[in-house]
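Participant: Below is one structure. I have some questions about it.
A short reminder: the numbers here are calculations on the coordinates, not readings from a lab. What you see is a predicted model; the values in this text were computed from it and never measured. We place every Cβ from the backbone using ideal geometry, glycine too, and count neighbours over all the protein chains shown.
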Amino acid sequence: MAAADGERAGRRRWRDAAYPTVASIAEQLKGAVEIAAMERKQAMSVVRTVGVGVAITALLTVTTGCGKDEKPAPSSSTSSSTSAASSSSAAPSSASSAAPSGTAPLADYSNLLITAADIGADTTLGPPEQNPGGAAGVAVTFSNTSKTHTIEDLLMVFTDPAAAAEAASNKQSKLGKYVTGGPQPFSVGTNGVIVVGPSPDNTKSVTYVVFSEGKVVVDLEFDSGPNDAAPQDFVLDVAKKQDNAVKTRMTS
């Protein structure tokens, strides 16, 4: 019995001694938690303060930037529209360079041209111009070495022979821009005419020939010095060679 009482008394002493320790630890933990909570509040306060400061700084920067004479950059859609408008104004409009009605698709038609050898030994050939004026066809200039005599050879390609024949006929009324004189029938191709006379400014002699061959309209302008018109047999020979080149090389 005495031993049991002693054991119980020992337990009470251990418990009584342990309570202050546990209480002390609890108090310490409570204090630590409060300190941690306080530090967290302080940290959050700093973060909020810094965040507000950054936001205010950014706002002031934007406000200051907008307050200057500089205009804000346009949006991407506005920039694209402006760029497109600039490109449109820089490039020729389709209306101003519209191809004649009934012309064929744009392509390389240089194989239809005659060569310098067809003109004569004293002849040079300039680079062909593909689809001049935005219309299907090709143009080239032949000249002698001294550049005193030139032949401008223009071929315009249409979708069918009827359209080409009509275009050749319509061209007759416009020849006054190139040569002064009345058109005369020409024995090459369809609706062929020839006009011989001075240029409108009287600076040169001009012989102008227009005719159609199949789907192609042929314009030949022979230029030389005043009172030095190209010989008629020479003009006829060149025209026949160009007519034959179109006839044999133009595909359907």
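Participant: Please list, in chain and number order, the residues 5+ apart from His149 or on another chain whose amide H is under 5 Å from its amide H, with Hs placed from the backbone.
Facilitator: Answer set, sorted by chain and number: Asn144.
Participant: Moving on to the next point. Counting Lys +1, Arg +1, Asp -1, Glu -1, what net charge surrounds Ala164 among other residues with beta carbon under 10 Å of its beta carbon?
Facilitator: Surrounding charge for Ala164 is -2.
Participant: Let me ask something additional. Order these peptides, 102-110, 207-215, 191-199, by their mean beta-carbon neighbour count within 10 angstrom, highest first.
Facilitator: The densest-packed peptide leads the list: 207-215, 191-199, 102-110.
Participant: Follow-up question, since we're still on this one. Amide H to amide H, which residues 5 or more places from Lys204 or on other chains are under 5 Å from it, using H placed in the peptide plane?
Facilitator: Here the answer is Ser199, since their amide H atoms fall under 5 Å of that of Lys204.
Participant: Provide the net charge surrounding Ala104, with neighbours chosen by a C-beta distance below 15 Å and charges set as Lys +1, Arg +1, Asp -1, Glu -1.
Facilitator: -2
Participant: Taking only the alpha carbons of segment 110-249, what extent do you get along each of the three principal axes, in Å, biggest first?
Facilitator: If we take the Cα atoms of segment 110-249, the spans are 39, 31, 28 Å.
Participant: Starting from the Cα-Cα distance between Thr248 and Ala116, subtract it from 0.36 nm times their residue separation and give me the gain in nm to one decimal.
Facilitator: Between Thr248 and Ala116, full extension yields 45.7 nm more.
Participant: Asp228 label point, 7 Å along Cα→Cβ, cut-off 13 Å on backbone N: hits in segment 126-154?
Facilitator: Inside the label zone: 144-150.
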